[in-house]
Amino acid sequence: MNILEDMNPQQKEAVQYTRGPLLILAGAGSGKTRVLTHRIAYLIENGVKPYHIMAITFTNKAAQEMRDRVDQIVGFGSESIWVSTFHSSCVRILRRFIDRIGFLNSFTIYDTDDQKTLMKQVIKKLELDPKIYKERALMSAISSAKNEMISPEQFEKNAGLDWNKKKISQVYYEYQAELKKNNALDFDDLLVKTVELFKQCQDVLEYYQDRFQYLMVDEYQDTNTVQFQFINLLAAKNRNLCVVGDDDQSIYKFRGANIRNILEFEKSFPDAKVIKLEQNYRSTSNILDAANGVISNNKGRKEKKLWTENEKGAKITFRKFQNGFEEAEYVTGEISRKIRNGECRYGDIAILYRTNAQSRLFEEKLLIANIPYKIVGSVNFYARKEVKDLLSYLKTVDNASDDLAVQRIINVPKRGIGATTISRIQAHAAESGTNFYGALLEAQYIPGLSRSLSKIESFTTFIQKLRTQVQYYSVKELLEHIIEETGYVKKLEAEDTDEARARIENIDELISKVVTYEEEEESPTLSGFLQEVALVADIDSIDSDSDFCLLMTLHSAKGLEFPYVFMAGMEDGIFPSYMTITGDDPDELEEERRLCYVGITRAKKELVMTAASQRMIRGETQYNKVSRFVHEIPRELVELGREKDLDRDAFVNPRQRFSNNVSFKPRQFTVTRLEHLEYNVGDTVRHTKFGVGEVTDIADGGKDYEVTVHFDHAGVKKMFASFAKLKKI
Ligand code: ATP
Ligand code: MG
């Protein structure tokens, strides 16, 4: 395949400009990511060793796609390019060199859950009032500090006489000390420690500078200070740095992203070449015009022209409903209709919303309608209890200095080691300056353990045995051995509940993950597996071959594209969020607007926006107006629904608002009736998910029949006949 085929002149120029700093600044869907991919292929074809190339992507999934594409184009070498996220790159570097700054190379990576547990311990230890010092707020303060490369010492200095900040600095000190003791790093530390390593060990930095002679960064607008430093340090010697981004898509300020990194690239690299891409290849012109209409309301932006040769396409559909249930029902109905009409596959459709909590209503409706879906960013597979328990066993075998892991499993499954015993062991560990596992090994010297002693010893004997044999086992064998010896699955089998069965399925899934890892990795190790697991974001678990509708927040949708996009909850107070419209920071509103721009520009063919007049939020009913972002879309691009969906004032020109001759014609809806149902009230039917039940009611729902079924196990469900696919038995 010719690398420069199907490229416009600016894209070609960007691919071929390989030496010196290069900034590609361009709007959504203009081919930025595609240019990066082709640029890698071009470098390889022109003799650059894949080994000398590093590309930073926003998700692991994007990294994999990039690698696959390069493979398709050049046919070799993609495995030795470093294409990965900032975090994954840093882990690889730290695994090799972190001992140079005083950690063990076998460090553990703490996820949010682990961080929270640790933070709770810190709050307790410092005897802070947990009502005032909430772990989330503390974690976020520390995270912001780390993103700005502010150390605990610096934090304390900056606090000056501010008593509250001083307290936080104490927490920060203690939190870091605990991490160090556990030989663990949190996500932010991965970057901070790598930058520290580069700054402290010139030879390590030079090694990587020589290795990564060509650097590329996608989604550069969302880099934060520590990421910026990481890139700048690596690029300082060869200066072959190509960054791509779109200032209109900067949406991670709350994570410390610094939009100035892209706007001031030319300041950091005065000789930088700047290339702008202005043709959008992704969306219909209606969608693009809608996006431009919205984003043009932002003041602090670089003016950009974005045009397309694509057809006009359908108008943006906007529908307003009484409440969230009706909204979800409508979206679900539309999806079913599209599938029934053969318009697309499930995987072509995404539902996007502002906050994770909004997914629940959709989930319920999708389930009833039998639509396969996946939620991106909900309870992570790896955050489930059974998965965490077993991973903690593996972590304990791999690195017994991870106190959280050891404490998690010391009495799981229950082996009669109680809370008092555990706190005695903790106290001993603190006194003797050892870690929790170390204290377990010295249990015989700890007073007051008498009855638990033998139980502790049998636990440590079990772990020690595994630790000495780890090299002879595959990870799969090790995991199966742990499951067998602890009786973990046997106990669940004995419970014999739906929940227990779901847990067993998750454990099976974990075993499958291990097998896949061992098959795909050249030299699989236990540490390697745990490291991979610690880094998978949810989006990465989506298998592009499988056919699911995707549900995700607008934030998670960045960089992706779908033929059909639903943006739900388009209400002031939801999106833009309540905080931004009640606060007085105009920058916050601009950030929300950029998020809206990201959402709109994900759509290739069709965009549907929905809103509800009433919505239940944390148990209270809220009445919201239609989102101002909907009003910012030029009126002629929007198709409104039936009279009752209409927010009468929403689209009326303000000057016409009070004139009488404004009228809306209700649109005719064709009603497609199901010819007949093969079952009747009183019949026994089978549903693929809910099993067997009896039909107790069939109501005429206008477009469809609404069938009520009393299922033997799943209870009473109301469902639309056309989606439910009930079979009479
Ligand atoms: P975003 O800002 O959302 O990350 P992007 O600028 O990275 O978007 P891409 O995802 O690279 O854009 O490209 C958008 C779509 O346009 C993709 O489907 C891509 O294959 C297609 N595309 C890009 N350039 C061309 C081209 N010259 N010819 C045909 N299709 C193209
Ligand atoms: Mg992109």
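What the table shows:
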read-out: Test for T516: is it modelled with pLDDT of 90 or more, out of contact with any Asp or Glu (no Cβ under 7 Å at 6 or more places or on another chain), within 29 Å of A184 (Cα to Cα) and of a type in the set (S, T, Y); value: no
read-out: Subset of the stretch 413-444 that is of a type outside the set (K, R) and outside any helix (DSSP H, G or I) - its residue that is farthest from the chain's Cα centre (by Cα); value: E442
read-out: Qualifying residue in the stretch 50-66 (condition: without any contact (Cβ under 8 Å) to a residue 12 or more places away in the chain and more than 16 Å from ligand 2 (Cβ to nearest atom)); value: no
read-out: Pairs where the first residue, in the stretch 539-564, is modelled with pLDDT under 90 and away from ligand 2 (no atom under 15 Å from the Cβ) and the second is in a helix (DSSP H, G or I) and open to solvent by 20 Å² or more (accessible area, probe 1.4 Å), C-beta under 7 Å, 6+ apart; value: D540/N60; D540/K61; S541/F381; I542/K61; D547/Y346; D547/G347
read-out: Candidates N341, N310 - the one that is open to solvent by 30 Å² or more (accessible area, probe 1.4 Å), farther than 29 Å from A502 by Cβ and at pLDDT 95 or above; value: N310
read-out: Qualifying positions in the stretch 179-210 - open to solvent by 30 Å² or more (accessible area, probe 1.4 Å) and basic (K, R); value: K180, K181, K199
read-out: Qualifying residue in the stretch 73-88 (condition: more than 16 Å from ligand 1 (Cβ to nearest atom), at pLDDT 90 or above, within 22 Å of Q213 (Cβ to Cβ) and part of a helix (DSSP H, G or I)); value: yes
read-out: Yes/no for F103 being under 26 Å from L190 (Cα atoms) and within 16 Å of ligand 1 (Cβ to nearest atom); value: no
read-out: Among the residues listed as I109, I98, the single one being over 29 Å from T308 (Cβ atoms), in a helix (DSSP H, G or I), β-branched (V, I, T) and more than 16 Å from ligand 2 (Cβ to nearest atom); value: I98
read-out: Residue within the stretch 136-151 that is part of a loop (DSSP other than H, G, I, E, B), surrounded by fewer than 16 Cβ atoms within 10 Å (Cβ to Cβ) and at pLDDT below 90 present; value: no
read-out: In the stretch 575-592, residue farthest from R354 (Cα to Cα) [restricted to those that are open to solvent by less than 20 Å² (accessible area, probe 1.4 Å) and within 20 Å of the chain's Cα centre (by Cα)]; value: E592
read-out: Residue tally, condition more than 15 Å from ligand 2 (Cβ to nearest atom) and in a helix (DSSP H, G or I), over the stretch 16-34; value: 1
read-out: Candidate set: the stretch 3-44, residues that are within 11 Å of ligand 1 (Cβ to nearest atom) and charged (D, E, K, R); chosen: the one surrounded by the most Cβ atoms within 10 Å (Cβ to Cβ); value: K32
read-out: Odd one out for V226, checked against (1) within 19 Å of V204 (Cβ to Cβ); (2) open to solvent by 10 Å² or more (accessible area, probe 1.4 Å); value: (2)
read-out: Any hit, the stretch 100-112, residues being open to solvent by 20 Å² or more (accessible area, probe 1.4 Å), touching a strand residue (DSSP E or B) at 6+ places or on another chain (Cβ under 9 Å) and of a type in the set (V, I, T); value: yes
read-out: Restricting the stretch 469-526 to residues that are aliphatic (A, V, I, L, M) and open to solvent by 40 Å² or more (accessible area, probe 1.4 Å), the residue that is nearest to Q64 (Cα to Cα); value: V515
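The values are calculated or read from the model by the stated rules, or taken from the named source; none is laboratory data. Keep in mind that what you see is a predicted model, and the values were worked out from it rather than measured. Ideal geometry is used to build each Cβ from the backbone, glycine not excepted, and the neighbour counts take in all protein chains shown. Surface accessibility is based on the protein's heavy atoms, side chains included, excluding ligands, DNA and RNA. Shrake-Rupley method; radii C 1.70, N 1.55, O 1.52, S 1.80 Å.
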